[in-house]
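The values are calculated or read from the model by the stated rules, or taken from the named source; none is laboratory data. Just so you know, these numbers come straight off a predicted model, no measurement behind them. Every residue, glycine among them, receives a Cβ derived from its backbone with ideal geometry; neighbour counts consider all protein chains shown.
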Amino acid sequence: MATSPATILRNPRQWLGQLPLAFAVAVVAYAIIDGGYIVTVVGFALIYAVFVAGLNIFMGYAGQTSFGQNAFAAIGGYASAVLTATYGWPPLAGIVAGMAGAVVCALLIGMPTLRLKGHYLAMGTLAIGLIVYEIAVEWQSVTNGYMGISGIPPLGIGSWELESDRAQLIFLAIVTALSLWATWRLRQSRFGRALVALSGSEDAARALGINVGRTKLIAFVISAMFASLAGSLLVHIVGFISPEMIGMNMVILAFTMLYVGGIGTTTGPLIGAVVIGLLPEVFRGLKDYQDLVYGTALILILIYAPGGIASLGRLAPKRRAAR
Amino acid sequence: MTTAPILEVRGLSARYGEVVALRDAELTMREGEFVAVLGPNGAGKSTLMRSIIGLANATGTVRFRGAALKRDPAAVAAAGIALVPEGRGIFGPMSVAENLQLGAYMIGGRGPDYERRLARVLHLFPRLKERLDQVAGSMSGGEQQMLAVGRALMADPKLILLDEPSLGLAPKVTAEILESLALLNREGLSVLLVEQKAPLALKLAGRAYVVSNGRISAEIDPKEITSHGDLARYYFA
């Protein structure tokens, strides 16, 4: 049953719960209307929101850990860069090829790696990210090493290209909205319930007939597709790719966004990406103290909203039941 | 009238690392029977359950309605065996409705069959009907146990295995849940109940097995047990 606006306004838990999403949407809308530097900041945040939405499927819904999602962003990013800049493919074809490559790699990597659990899985996936980073550095004939690949065309179809920052941002906002919608639909599906079940208890999930190994693998593959899409979007927006763009820093940033936004929630990836994207800009005036205040802000958010900003509604006092 | 065997366990053994938790278990259940598995804490009762449905690393054979069961919980569930695990195993962050939907995972999406199963469970446990949208983890222990049993019933099993359903529950709530099981058993559902509280189980079961030190040490007729002394004799035999 849909909740009416009047009901939402009467219940502080409801409107507080919607507030972070409204803020994130307002920031995106402001950037589209205002233009200027904030378009770049919000554009990066939206690309990361897509990346984190995928990570959320594997970590938030399925309860697994992956420190290696940057590997799939690298596959998508480099596939798009090489195929469009070197071979003249259209961007859309490059994105699809990158995602197909990410699916194949996720299947090949996931089958042995997902037998691991807990910290071992975390270490296994971390190794994948590091290996792909090293390949990006060493395979100079294709990736151009640390120098990277430049001259990557902007997004577009045929002769129509998204050249203005504002047009690119609108496109990114649409892709992000579709990504979040897809993760929401996935969470509501039979497969989504199976994911959450195995995150609660693998044995209990097995006893219900859920094929735990296959379910984890599919989640890993879907998550890799999102990462690959984000990697492709990144290179087409920036027009350049180098190993530094898809290194461990990407994973750390995505983890921060996921936990600050709200792991396991549908809107958390967007909220986290926008908040974490904006924080350095907000604190830029503090100069030398910028990192200190940024770190303190993150700690405070995680202490006072341990479920992430998307779950702020839970912090409001419960309404008393009518007598 | 003697019915056909629904479950035959032969030479079932299981170990956790070096520790043998179950040794050469032999057990037979007939269609429509209510059988209890009794024994002290750590005797191997839960391992027996886990071995039957393929969750434990076990050797030996388990036959269901005459056919050998694979060591695959999904195949066991598809065959018609549902487990209510020790500690309930409900999915706390999900709603009651979602937990019940997961119980019917093997039949896929919602349909007439699903609605029929749901109506049956909600009729059996009306308290769940009032809490369908509630987060399962926020319910009382008794309600969670009702949900665990209800979720297992959503699979429309022919045989239900229950591992210590009375654990941590008030006697009144336990009695309510076990009474529901007795009702289902009268309707034809076969029940295998693992329970530490032997008097509770013996009130409902037609037969009981005693597990001690990883072995099935005795098969008993509940009518023969009239005192704690009788039971202790089997436990420490």
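Summary of computed values
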item: One residue from B:150, B:108 being on the phi > 0 side of the Ramachandran plot and within 14 Å of chain A (Cβ to nearest Cβ); result: B:108
item: Subset of the stretch B:76-103 (residues that are among the small types (Gly, Ala, Ser) and within 17 Å of the chain's Cα centre (by Cα)); result: B:77, B:78, B:79, B:80, B:82, B:87, B:89, B:103
item: Extreme residue, surrounded by the most Cβ atoms within 10 Å (Cβ to Cβ), among residues of the stretch A:86-119 that are under 22 Å from residue A:160 (Cα atoms) and without any contact (Cβ under 8 Å) to a residue 40 or more places away in the chain; result: A:97
item: Conditions (1) touching a Ser or Thr at 6+ places or on another chain (Cβ under 6 Å); (2) among the hydrophobic types (A, V, I, L, M, F, W, C); (3) under 22 Å from residue A:116 (Cα atoms); number of the one not met by residue A:240; result: (3)
item: Which listed residue is over 27 Å from residue A:278 (Cβ atoms) and in contact with a strand residue (DSSP E or B) (Cβ under 7 Å, 6 or more places away or on another chain), from A:146, A:87, A:78; result: A:78
item: Wholly enclosed helices (runs of 4 or more DSSP H) of the stretch A:144-216 bearing at least 1 residues more than 14 Å from every other protein chain (Cβ to nearest Cβ); result: A:165-188
item: From A:122, A:194, A:136, A:207, residue being of a type in the set (A, V, I, L, M), surrounded by 19 or more Cβ atoms within 10 Å (Cβ to Cβ) and touching a residue at least 24 places away in the same chain (Cβ under 8 Å); result: A:136
item: Number of the exception - residue B:157 against (1) touching a helix residue (DSSP H, G or I) at 6+ places or on another chain (Cβ under 7 Å); (2) closer than 30 Å to residue B:9 by Cβ; (3) more than 9 Å from chain A (Cβ to nearest Cβ); (4) not small (Gly, Ala, Ser); result: (1)
item: Matching residues, the stretch B:1-38, being among the aromatic types (Phe, Trp, Tyr) and within 15 Å of residue B:190 (Cα to Cα); result: B:34
item: Breaking point among (1) within 14 Å of chain A (Cβ to nearest Cβ); (2) under 14 Å from the mean Cα position of the chain (by Cα), for residue B:45; result: (1)
item: Failed criterion for residue B:34 (all others in (1) closer than 14 Å to residue B:151 by Cβ; (2) more than 8 Å from every other protein chain (Cβ to nearest Cβ); (3) aromatic (Phe, Trp, Tyr) hold); result: (1)
item: Candidate set from the stretch B:133-167 (those that are surrounded by 23 or more Cβ atoms within 10 Å (Cβ to Cβ) and of a type in the set (Gly, Ala, Ser)); member that is farthest from residue B:94 (Cα to Cα); result: B:155
item: Scan of the stretch B:132-173 for residues that are at pLDDT 90 or above and polar (S, T, N, Q), ordered by number; result: B:134, B:138, B:140, B:144, B:145
item: Test result for residue B:60, out of contact with any helix residue (DSSP H, G or I) (no Cβ under 7 Å at 6 or more places or on another chain) and assigned to a loop (DSSP other than H, G, I, E, B); result: no
item: Test: residue in the stretch B:9-21 that is under 17 Å from the mean Cα position of the chain (by Cα) and away from every other protein chain (no Cβ under 11 Å); result: yes
item: Unique residue being outside any loop (DSSP other than H, G, I, E, B), of a type in the set (Asp, Glu) and within 14 Å of chain A (Cβ to nearest Cβ) when the list is B:86, B:98; result: B:98
item: Residue check, residue B:60 of a type outside the set (A, V, I, L, M) and at pLDDT below 90; result: no
item: Any hit, the stretch A:222-236, residues being surrounded by fewer than 24 Cβ atoms within 10 Å (Cβ to Cβ), within 30 Å of residue A:193 (Cα to Cα) and touching a helix residue (DSSP H, G or I) at 6+ places or on another chain (Cβ under 8 Å); result: yes
item: 1 or more residues within 24 Å of residue A:168 (Cβ to Cβ) and charged (D, E, K, R): qualifying helices (runs of 4 or more DSSP H) within the stretch A:224-319; result: A:268-282
item: Residues of the stretch B:17-29 classified as buried (at least 16 other Cβ atoms within 10 Å of the Cβ) and closer than 20 Å to residue B:6 by Cα, total; result: 4
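One line per residue, one yes/no per condition, for (1) aliphatic (A, V, I, L, M); (2) away from chain A (no Cβ under 14 Å); (3) assigned to a loop (DSSP other than H, G, I, E, B); (4) loosely packed, with under 15 Cβ neighbours inside 10 Å:
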residue: B:41; (1), (2), (3), (4): no, yes, yes, yes
residue: B:71; (1), (2), (3), (4): no, no, yes, no
residue: B:90; (1), (2), (3), (4): yes, no, yes, no
residue: B:102; (1), (2), (3), (4): yes, no, no, no
residue: B:114; (1), (2), (3), (4): no, no, no, no
residue: B:128; (1), (2), (3), (4): yes, yes, no, no
